[in-house]
Structure formats: C-alpha cells, structure tokens
Amino acid sequence: VQLQASGGGLVQAGGSLRLSCVASGRSFSTYVMHWFRQAPGKEREFVSGISRSGGRTNYAYSVKGRFTISRDDAKNTVYLQMTSLKPEDTAVYYCAAAYTMMVEPNPRGMDFWGKGTQVTVSS
C-alpha cells in the first residue's frame, strides 16, 4: 500500500489542523493505521493509532484529549484532527500502516510509511 499524507501547515498556538492520509491499493480496511511525528533532532514518536474497524483508538499521553484519529474506509483515508495545538507539536507528521495492532506502537512495527507533512505551531 502507498500512503500520502497532507494537511500540514503553519498555525498559531491554540489553533487546529486536520491531517489526512490517503492510501492507494486495495485492502485498506485490513490495516491498522497510525500517525507518528518527528521533531528536529528527536526520534520518531507514536502519536495515535486506530484499529481496522475504527472501534479502538490509542493516543500518546502528550496529545490525548487534543487529537482525534478517525478513518473512512470508503475513501481509503485516515485523519488526525488536531486541536489546541502547542509549539511542542511542531514536527513532521507521518502516517503508517501495520498488519497488526500493537499495545505500544513503535516505528519498527510498521509495515508501510507515507511521506510526512510538516506541522509548525507558532507561539
């Protein structure tokens, strides 16, 4: 599967953005979908994940209550709605697909990656 993320941009602190990740190919509904991010000089970190059915989601502690992940299998798309953005949310955001759901998602467990989209939050 090929993944293409979009929706990043420059926003002031407290603002909102919605990221989208469109998957090409078949069988999108068979993948567990994730968002990761990587800030300059830091390791790539897990942000959020959503199960195949959409019934289970998980979030990093740092974004819980502010970010919402969702998926639309008819559009082969996973979304990340980001609200109450903070300067520390500034990073390149990546979507990733995995065959299985992990209790603690990490980059090594992902099977497919998309190119990132830059999110910059100004103070």
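The values are calculated or read from the model by the stated rules, or taken from the named source; none is laboratory data. Fair warning: this is a prediction, and the values are worked out from it, not measured in the lab. Because the Cβ atoms are built from the backbone with ideal geometry, glycine has one as well, and the counts that use them run over all protein chains shown. With ligands, DNA and RNA removed, areas are computed over all heavy atoms of the protein, side chains included. Shrake-Rupley method; radii C 1.70, N 1.55, O 1.52, S 1.80 Å.
Of the numbered criteria (1) buried (at least 18 other Cβ atoms within 10 Å of the Cβ); (2) over 28 Å from residue 122 (Cα atoms); (3) without any contact (Cβ under 8 Å) to a residue 40 or more places away in the chain, the one residue 76 fails is (3).
Residue 54 fulfils the conditions (1) surrounded by 15 or more Cβ atoms within 10 Å (Cβ to Cβ); (2) in contact with an Asp or Glu (Cβ under 7 Å, 6 or more places away or on another chain); (3) modelled with pLDDT under 95 except for a single criterion, (2).
Taken residue by residue, segment 101-123 has no member that is open to solvent by 60 Å² or more (accessible area, probe 1.4 Å), touching a residue at least 40 places away in the same chain (Cβ under 8 Å) and touching an Asp or Glu at 6+ places or on another chain (Cβ under 7 Å).
So which residues in segment 26-48 are part of a loop (DSSP other than H, G, I, E, B), surrounded by fewer than 15 Cβ atoms within 10 Å (Cβ to Cβ) and out of contact with any Ser or Thr (no Cβ under 8 Å at 6 or more places or on another chain)?
Residues satisfying the conditions are 26, 27, 40, 41, 42, 43.
Check whether at least one residue in segment 2-25 is open to solvent by less than 30 Å² (accessible area, probe 1.4 Å), in a strand (DSSP E or B), in contact with a helix residue (DSSP H, G or I) (Cβ under 8 Å, 6 or more places away or on another chain) and at pLDDT 95 or above, and report yes or no. Within segment 2-25 (the criterion being open to solvent by less than 30 Å² (accessible area, probe 1.4 Å), in a strand (DSSP E or B), in contact with a helix residue (DSSP H, G or I) (Cβ under 8 Å, 6 or more places away or on another chain) and at pLDDT 95 or above), the answer is no, since none of the residues qualifies.
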